[in-house]
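Inspection log for the structure reproduced underneath, given as structure tokens.
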């Protein structure tokens with residue numbers, strides 16, 4: 001299994017009046033981590049889109065176990081949990097560097113589509129992308 | 001069961017380069033809808049916080065079935081799915097007004113805590129809040 | 001001079017750990033207000049874009065005189081300050097409804113471009129849009 | 001004069017339907033860069049806040065000369081333009097790494113306040129902070 005690690009430094013704008021990171025930022029960090037994961041595989045998500053394939057999110061799940069605060073240094077660990085000809089599922093864990101605690105886990109399910117957001121069979125239309133990401137699951 | 005309806009007009013900043021609303025905005029809309037739901041019950045979330053009770057999110061789930069676009073008018077329907085002395089679960093449905101289609105559903109689970117984000121028994125410490133929100137479930 | 005008024009209810013996600021609205025939200029509210037302003041003129045910004053004209057922002061200025069907080073009800077007043085064949089300048093004032101105080105003023109300058117973000121002479125290529133918005137200045 | 005450099009990788013969520021970075025992200029990047037600038041001076045903004053001093057933004061100005069896109073690598077150069085007992089002004093330049101072009105410049109003016117957002121004389125109440133940041137201007 002391939003796992004990438006992405007560093008996040010918490011921005012002031014990401015905090016809320018509870019003094020902690022607002023929960024809506026984690027899906028954005030998952031996405032930044034996904035971008036890095038794909039790059040670590042030797043592709044780029046920009047490049048996948050240029051070839052006409054999109055990965056709109058169809059399901060999102062987060063579990064918040066701890067809080068991050070302004071200026072905290074975090075690590076998002078990312079891997080591919082599952083891939084099929086029509087979908088791909090990523091899994092994420094967010095750790096706080098100061099005490100190595102796991103503060104959030106997440107999962108995102110994406111559909112393979114064309115530019116008009118219609119489903120495509122990625123195994124058939126881009127076997128190279130499918131194979132590369134399939135290797136990441138093992 | 002009590003259901004509140006909150007209107008959202010999609011902002012340009014909420015779109016992404018796919019030309020649709022970025023998925024990270026839905027949790028923010030759920031929160032705006034939750035604010036209105038609580039207001040419709042005759043309380044205000046600000047008021048709950050002033051009394052020293054917080055509702056940090058501990059779980060988030062979204063299913064995206066359709067896409068919203070810039071200037072679209074949406075309705076978020078909100079209800080309480082479950083409440084206990086320690087937690088409360090809200091459920092949301094987002095409809096596109098133009099064709100009345102259901103584009104997203106979501107669920108958020110929150111813990112009742114004090115200002116230091118330590119768990120509190122809301123049934124014991126604020127029976128009025130607990131009872132009011134319990135009525136919403138029925 | 002034509003002025004439109006747009007209501008904003010402050011969202012929790014828009015607050016920061018200072019307990020007030022984070023400054024980066026005002027430009028987003030200006031944009032939502034601009035959308036309503038254009039709609040109040042009998043056009044829609046979506047429609048302008050569909051005809052191939054874009055209005056990327058080239059200058060932004062804000063002055064923050066007071067703070068808004070979660071659940072505050074605000075009014076953004078919007079008008080066109082200046083228009084030429086190549087540019088348009090909007091001016092905004094944000095008022096807090098509770099005490100009618102002016103908390104923020106802003107100005108945005110936009111260039112008229114085509115879909116590839118190259119400058120276009122809007123007076124020549126879309127005289128109807130130019131005339132309509134010119135009327136708003138007077 | 002002291003200048004810090006902060007790397008930003010453009011996130012998907014930061015793009016809009018024009019296919020470029022939405023303008024409201026630059027003030028957030030300025031803030032992240034400001035955080036790093038202060039850290040590079042041997043302080044931390046968190047630490048300044050813990051001592052009871054806040055730096056709410058009172059003026060913001062941006063000039064957008066070029067566009068950034070998803071996955072672009074950017075550098076934000078930050079310096080202190082001016083400091084007085086009551087205010088501090090930061091200046092920013094954002095460069096695109098691929099062609100070293102200057103795409104955005106910005107300026108933010110902040111007031112020195114206490115926790116209740118009332119003005120304080122920083123030269124008097126925290127001469128160490130004032131002196132350190134004054135050195136950055138020279």
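The values are calculated or read from the model by the stated rules, or taken from the named source; none is laboratory data. Computed from a predicted model, the values in this text were never measured in an experiment. Please note: Cβ atoms are built from the backbone with ideal geometry, for glycine as well, and neighbour counts cover all protein chains shown.
For region B:1-29, filtering for residues that are away from chain D (no Cβ under 14 Å) and either out of contact with any helix residue (DSSP H, G or I) (no Cβ under 8 Å at 6 or more places or on another chain) or over 22 Å from residue C:24 (Cβ atoms) (or both) leaves 8. If you take the residues in region C:35-49 that are part of a loop (DSSP other than H, G, I, E, B) and in contact (Cβ under 8 Å) with a residue 40 or more places away in the chain, which one is nearest to the other protein chains (Cβ to nearest Cβ)? Among residues in region C:35-49 that are part of a loop (DSSP other than H, G, I, E, B) and in contact (Cβ under 8 Å) with a residue 40 or more places away in the chain, the one nearest to the other protein chains (Cβ to nearest Cβ) is C:43. Residues that are within 17 Å of the chain's Cα centre (by Cα) and away from every other protein chain (no Cβ under 12 Å) number at least 1 in the following strands (runs of 3 or more DSSP E) confined to region A:50-124: A:73-83, A:87-96, A:101-111. Residues of region C:84-103 that are closer than 20 Å to residue D:64 by Cβ and in contact (Cβ under 8 Å) with a residue 60 or more places away in the chain: C:90, C:92. Comparison of C:75, C:88, C:83 shows that the only residue that is at pLDDT 95 or above and out of contact with any strand residue (DSSP E or B) (no Cβ under 6 Å at 6 or more places or on another chain) is C:83. For region A:102-126, the set of residues classified as surrounded by fewer than 12 Cβ atoms within 10 Å (Cβ to Cβ) and over 26 Å from residue D:17 (Cβ atoms) consists of A:124 only.
Looking across region B:1-13, the residues that are closer than 30 Å to residue C:57 by Cβ and touching a residue at least 24 places away in the same chain (Cβ under 8 Å) come down to B:6, B:7, B:8, B:9, B:10, B:11, B:12. Taking residue D:32, is it within 14 Å of chain B (Cβ to nearest Cβ), part of a helix (DSSP H, G or I) and under 24 Å from residue A:6 (Cβ atoms)? No, not satisfied.
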